[in-house]
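The values are calculated or read from the model by the stated rules, or taken from the named source; none is laboratory data. From a predicted model like this one, the values you see are computed outputs, not experimental measurements. Here the Cβ is made from the backbone with ideal geometry for all residues, glycine too, and neighbour counts use every protein chain on show.
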Amino acid sequence: MSGYPHKLTMLAPHLQTELPGTLHLGALRLPVFALFATAGLVVALLFSERTAERVGLSAQKLWDAGVAAVVAAFVISRVQLVAENFTTFKIFPALVLGLPSITQLGVFLTAIFALIWLRFRRVPLLSALDAWAPCVALLTAFLDLGHFFERTEAGMPTKLPWGVTSAGDTVLGHTHPVQLYGFALATLLAAAAWTQLGRSKAGGVAAFSLFTGGVGSFLLSFLRQPTLQVSGLPLDAAQALSALMALAGVALFATISPIQPGSRVARDVPAERFDHA
């Protein structure tokens with residue numbers, strides 16, 4: 001192995017052993033996390049049809065935007081993975097393309113693509129963000145469950161009775177089940193966002209979800225295993241992203257004019273303009 005690039009050496013264990021969290025169905029081996037991620041995407045897209053109706057948007061246009069965002073996330077993640085491991089990719093392309101690769105940068109670039117798509121398709125941005133808020137929270141809940149059953153994304157060591165062990169771990173012992181904490185947070189956030197749809201000014205649900213999800217994720221990060229810090233900041237990538245989410249929620253709140261309590265408000269653009277487009 002000494003003749004291969006350093007990154008290939010880091011990937012060598014994947015060539016010799018099976019990845020943790022693999023479901024065996026005869027000769028077929030399916031990654032558990034991929035199953036939860038796929039199920040979450042399908043449920044979130046189906047749910048978007050209901051949330052679109054609540055905010056007065058075309059369900060078809062929101063569905064199309066969601067599918068486009070999913071495809072963009074997959075393509076962006078593959079490109080990023082290949083770019084970071086190009087030497088290894090030339091030798092073992094299937095191995096590199098098969099690795100999990102959803103990163104903070106990939107999520108950020110996908111969000112930018114989604115905003116451009118909504119603008120191009122003339123879908124009102126704030127209403128679309130409101131409709132997507134409970135869907136994204138629901139997808140996050142599925143992803144957290146996938147990490148839990150895969151026994152990845154380990155938490156900090158704990159002596160609490162509900163501590164769990166991580167795949168292949170021989171050092172940490174029992175750790176906080178932060179995946180389940182995240183699942184509970186995402187589920188509650190999805191329920192809260194769903195109940196508020198259509199009852200607030202356009203953008204209110206998205207602002208609430210960004211702020212609450214950002215603060216919750218930031219607090220949970222102290223129970224997760226630390227990662228590399230962002231250059232120039234005393235935060236790791238997950239904490240920085242969580243802080244940006246919370247700040248984005250505050251900024252969005254600041255752009256929303258107050259409404260009378262209990263009033264049923266109109267959305268930013270009449271739905272008829274998009275239902276018959």
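Couple of notes before you dig in:
- Of the helices (runs of 4 or more DSSP H) that lie entirely inside the range 37-129, those containing 3 or more residues that are farther than 30 Å from Ile256 by Cβ span 59-84, 86-91, 93-97.
- Pairs where the first residue, in the range 236-251, is within 16 Å of Arg224 (Cβ to Cβ) and modelled with pLDDT of 90 or more and the second is crowded, with 16+ Cβ neighbours inside 10 Å and of a type in the set (Asp, Glu), C-beta under 7 Å, 6+ apart: none
- Filter result for Thr22 (of a type in the set (Ser, Thr, Tyr) and either in contact with a Ser or Thr (Cβ under 8 Å, 6 or more places away or on another chain) or at pLDDT 60 or above (or both)): yes
- No other residue among Gly173, Gly182 is out of contact with any Cys (no Cβ under 6 Å at 6 or more places or on another chain), of a type outside the set (A, V, I, L, M, F, W, C) and part of a helix (DSSP H, G or I) apart from Gly182.
- Residue check for Arg121: touching a residue at least 40 places away in the same chain (Cβ under 8 Å) and farther than 22 Å from Asp64 by Cβ: no
- Taking the criterion of being free of Cβ contacts under 8 Å to residues at least 12 places away in the same chain and within 24 Å of Phe47 (Cβ to Cβ), the residues of the range 149-190 that qualify are Ala184, Leu188.
- Residue in the range 66-88 that is within 20 Å of Gly203 (Cβ to Cβ) and under 14 Å from the mean Cα position of the chain (by Cα) present: yes
- Residue in the range 188-202 that is modelled with pLDDT under 95, in a loop (DSSP other than H, G, I, E, B), touching a Ser or Thr at 6+ places or on another chain (Cβ under 8 Å) and under 27 Å from Leu143 (Cβ atoms) present: yes
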